[in-house]
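The values are calculated or read from the model by the stated rules, or taken from the named source; none is laboratory data. What you see is a predicted model, and the numbers here were worked out from it, not measured in a lab. Neighbour counts run over all protein chains shown; Cβ positions are idealised from the backbone, glycine included.
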Amino acid sequence: MTTTNVINASLYDNLDFDLVRDIAPVAGLVRLGLVIVVHPSVPAQTLAEFIAYAKANPGTINYASVGSGAATNVAGELFKAMAGVKLVNVPYRGNYLPDLLSGQVQASFTPILQSLEYIRAGKLRALAVTAATRSDSLPGVPAAGEFVPGYQAYVWDAVGAPAKTSVEIIDELNKEINAVLLDPTIKAQFASLGAEPMLMTPAELGTYITSEIEKWGKVVKTARIRVY
């Protein structure tokens, strides 16, 4: 199970399965925030300056995503709603980085690992991460929630099983998976990627999935996101 699954629950009307009904939550694996980046030509050094600039120039800033309804899109739409700015989503079927690096598009809500080398080289400017707290891989970059209270957007992966799987099997799988996630080597590898272990009980994961479906469903509806 992934972030894509919970977004798709609202994005598509004809799915042949129900994520909550048909899949039993087993354990979380990993989650990571995105990073809000801009091309250096954008006259904003901080997220606060970016918000002010966007408000002064509504509809003139384009942000790239990997497609309508993708995590990089809904994260941007949630930010627009909560920050009160008008940005224009430019959905790409493939890699948008060349256009972002050239300034054809001005911003993106992009995976940290994908953009880290360009941030360090000064080819992109990191304004904020979308996780609840700052990332170890970008320690000097604030969390977006420091400027837009309550804003969070994660990409995550988890393990599920067929709905009729026994509780005993699910609990044993959860125990073994969480033991791996607690391994210091695994935690260090995740941290190097800007990610963190998603330690949860099956019940906690079930609650999290339900809340994510509701959260992104509202964004899909409010932003009128459609796929064609």
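Is it fair to say A163 is over 18 Å from the mean Cα position of the chain (by Cα) and among the small types (G, A, S)?
yes
State yes or no: is G103 over 26 Å from P197 (Cβ atoms), in contact with a His (Cβ under 7 Å, 6 or more places away or on another chain) and surrounded by fewer than 22 Cβ atoms within 10 Å (Cβ to Cβ)?
For G103, the condition - over 26 Å from P197 (Cβ atoms), in contact with a His (Cβ under 7 Å, 6 or more places away or on another chain) and surrounded by fewer than 22 Cβ atoms within 10 Å (Cβ to Cβ) - is met.
Which of the residues that make up the range 18-29 are surrounded by fewer than 18 Cβ atoms within 10 Å (Cβ to Cβ) and either farther than 13 Å from Y208 by Cα or modelled with pLDDT of 95 or more (or both)?
Matches in the range 18-29: D18, R21, D22.
Here are R120, R134: which of them is over 18 Å from the mean Cα position of the chain (by Cα) and surrounded by fewer than 21 Cβ atoms within 10 Å (Cβ to Cβ)?
R120
What tally of residues in the range 148-176 results from selecting those that are among the hydrophobic types (A, V, I, L, M, F, W, C) and part of a helix (DSSP H, G or I)?
The number of residues fulfilling the criteria is 4.
If you check every pair at least six apart or on different chains, which have Cβ atoms under 9 Å apart with a residue in the range 167-188 that is among the β-branched types (V, I, T) first and a residue that is part of a helix (DSSP H, G or I) and at pLDDT 95 or above second?
V167/P202; I170/P202; I186/V180
What's the total number of residues in the range 1-36 that are assigned to a loop (DSSP other than H, G, I, E, B) and either closer than 18 Å to F79 by Cβ or touching a strand residue (DSSP E or B) at 6+ places or on another chain (Cβ under 9 Å) (or both)?
2
Quick check on the range 177-198: of everything there that is in a loop (DSSP other than H, G, I, E, B) and within 19 Å of the chain's Cα centre (by Cα), which residue is surrounded by the fewest Cβ atoms within 10 Å (Cβ to Cβ)?
Narrowing the range 177-198 to residues in a loop (DSSP other than H, G, I, E, B): 182-183, 193-194, 198.
Next, only the ones that are within 19 Å of the chain's Cα centre (by Cα) stay: 193-194, 198.
Details: L193: 16, G194: 22, M198: 22.
The extreme case among them is L193.
Do you know which of the residues in the range 209-226 that are surrounded by 18 or more Cβ atoms within 10 Å (Cβ to Cβ) and either modelled with pLDDT under 95 or of a type in the set (V, I, T) (or both) is farthest from V6 (Cα to Cα)?
A223
Select from the range 89-137 the residues that are without any contact (Cβ under 8 Å) to a residue 40 or more places away in the chain and touching a Ser or Thr at 6+ places or on another chain (Cβ under 6 Å) and write down the one among them that is farthest from G59 (Cα to Cα).
P91
Which of the residues that make up the range 37-57 are buried (at least 18 other Cβ atoms within 10 Å of the Cβ), in a helix (DSSP H, G or I) and in contact (Cβ under 8 Å) with a residue 40 or more places away in the chain?
L47, F50, I51 - these are the residues of the range 37-57 that are buried (at least 18 other Cβ atoms within 10 Å of the Cβ), in a helix (DSSP H, G or I) and in contact (Cβ under 8 Å) with a residue 40 or more places away in the chain.
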